[in-house]
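A.B. asks: I have a structure I would like to understand better, so I am pasting it below and will then ask my questions one at a time.
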Amino acid sequence: MNAMSVRTQSSEQPAEAVHRAGFACFVGRPNAGKSTLTNALVGQKVAITSNRPQTTRHTVRGIVHRPDAQLILVDTPGLHKPRTLLGERLNDVVRTTWAEVDVIGFCLPADQKIGPGDRFIAKELAGIRKTPKVAIVTKTDLVDSKALAEQLIAIDQLGKELGFEWAEIVPVSAVGSKQVDLLADLLIPLLPEGPALYPEGDLTDEPEQVMVAELIREAALEGVRDELPHSIAVVVEEMLPREDRPADRPLLDIHANLYIERPSQKGIIIGPKGKRLKDVGIKSRKQIEALLGTPVFLDLHVKVAKDWQRDPKQLRRLGF
């Protein structure tokens with residue numbers, strides 16, 4: 001499709017009611033607008049659901065439910081760190097994800113010229129022959145129509161240089177919700193026909209992990225609030241369904257670290273003979289199981305992150 005015509009065009013629905021369902025992932029260098037786009041597409045309907053057997057082994061970021069389709073947005077690991085992106089070869093997990101999804105959306109900001117980071121990703125995408133690739137021009141609200149037109153031409157050219165054709169080139173502004181529905185209209189025909197893969201009611205992993213961390217933190221602070229009012233941070237490192245479990249007896253493994261600022265605080269959290277930490281585990285596990293609706297194995301560790309509240313690098317790592 002001509003890059004320039006996409007802006008005003010809306011795809012017509014096929015006459016017969018075909019339901020489509022499949023996976024998409026958004027790629028792009030950091031700050032290309034991937035998360036904002038995901039949130040805009042999923043809208044306000046993101047709800048927590050328990051881990052179901054058909055949950056993909058990739059992190060699900062959100063699900064777009066429509067009468068005619070279900071679009072599942074998955075995360076691509078390893079594309080968040082610029083050093084990984086530019087320095088190292090993309091790891092196998094990323095390649096596998098790209099080969100397994102039904103469509104890849106490549107986010108390029110309208111307000112920045114195509115750089116080496118974008119070119120690196122595009123070159124890797126060119127190697128994934130079978131998966132359709134949609135170029136999504138984000139942050140269009142930051143440029144005028146002339147700059148946008150130039151960016152659309154440059155992106156079209158980039159595909160030609162690398163020997164592939166974009167399935168679509170779509171300008172969007174997720175902030176102003178411009179064209180977000182159009183983007184869904186254009187992604188859906190690229191999905192295979194089939195029934196919904198997830199039950200009605202959206203799913204995303206992000207709030208689940210955040211809420212689990214919050215429940216552990218609450219339990220850890222109980223009884224020590226006066227001594228450690230704010231100096232506990234909790235990071236859920238991993239939440240994975242235990243493999244080889246029968247469908248009627250699932251178990252979710254959760255590994256979490258409790259970070260404190262000083263070694264002297266470790267004893268307060270762990271308690272005599274580890275009793276306090278054990279109580280924290282028992283209490284928070286019950287609440288997590290109630291929240292997620294599935295049995296949980298909770299593995300807690302206490303670590304010292306020196307003066308984390310005053311260290312921007314540590315704060316970022318701990319999710320603040």
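A.B. asks: Given H placed 1.01 Å from N in the peptide plane, which residues other than close sequence neighbours of Gly62 have an amide H under 5 Å from its amide H?
C.D. replies: Counting only residues 5 or more places away or on other chains, the set is Leu73.
A.B. asks: In addition: Explain nothing, just compute: Karplus ³J(HN,Hα) = 6.51 cos²θ - 1.76 cosθ + 1.60, θ = phi - 60°, for every residue of region 119-133 in order, whole Hz, x for Gly and Pro.
C.D. replies: Rounded to whole hertz, the list is 4, 4, 5, 4, 5, 5, 4, 4, x, 8, 5, 6, 7, x, 10.
A.B. asks: How do Lys283, Lys34, Lys133, Lys275 line up, fewest other C-beta atoms within 10 Å first?
C.D. replies: Lys275, Lys283, Lys133, Lys34
A.B. asks: Let me ask another. Glu165 to Glu193: FRET efficiency via 1/(1 + (r/R0)^6), r the Cβ-Cβ distance, R0 25 Å, to the nearest 0.05?
C.D. replies: The value I calculate is 0.60.
A.B. asks: Mind listing the long-range amide H neighbours of Val296? Cut-off is under 5 Å, sequence gap 5 or more, other chains count too, H placed in the peptide plane at 1.01 Å from N.
C.D. replies: Leu252
A.B. asks: Residue-wise, which Karplus ³J(HN,Hα) couplings in Hz belong to region 143-160, taking 6.51 cos²θ - 1.76 cosθ + 1.60, θ = phi - 60°, and x for glycine or proline?
C.D. replies: Values, residue by residue: 10, 8, 5, 5, 5, 5, 4, 4, 5, 4, 5, 4, 5, 4, 4, 4, x, 4 Hz.
A.B. asks: Identify all lysines with a Cα-Cα distance to Lys283 below 17 Å; exclude those on the same chain that are fewer than 8 residues away in sequence.
C.D. replies: Correct list for Lys283: Lys275.
A.B. asks: Right, next: Once you put a point 7 Å from the Cα of Leu251 and another 7 Å from the Cα of His19, both along the Cβ direction, what distance in nm separates them?
C.D. replies: 3.5 nm
A.B. asks: Given H placed on each backbone N at 1.01 Å, which residues far from Leu197 in sequence or on other chains put an amide H within less than 5 Å of it?
C.D. replies: Distant-sequence amide H within range of Leu197: zero hits.
A.B. asks: Expressed in nm to one decimal, what extension gain is obtained for the pair Ala147 and Lys286 from 0.36 nm per residue of sequence separation less their Cα-Cα distance? Present the calculation step by step, with values, prior to reporting the outcome.
C.D. replies: Numbers: separation 139, 0.36 × 139 = 50.04 nm, distance 5.48 nm.
My answer for the length gained is 44.6 nm.
A.B. asks: Taking the number of other C-beta atoms within 10 Å as the exposure measure, put Phe106, Phe297, Phe120 in order starting with the fewest. Before the final figure, lay out each step's value.
C.D. replies: On the way: Phe106 24, Phe297 11, Phe120 15.
By the 10 Å Cβ count, ascending: Phe297, Phe120, Phe106.
A short reminder: the numbers here are calculations on the coordinates, not readings from a lab. This structure is a prediction, so every number in the text was calculated from the model and none was measured. Neighbour counts are summed over all protein chains in view; Cβ atoms, including those assigned to glycine, are modelled from backbone coordinates with ideal geometry.
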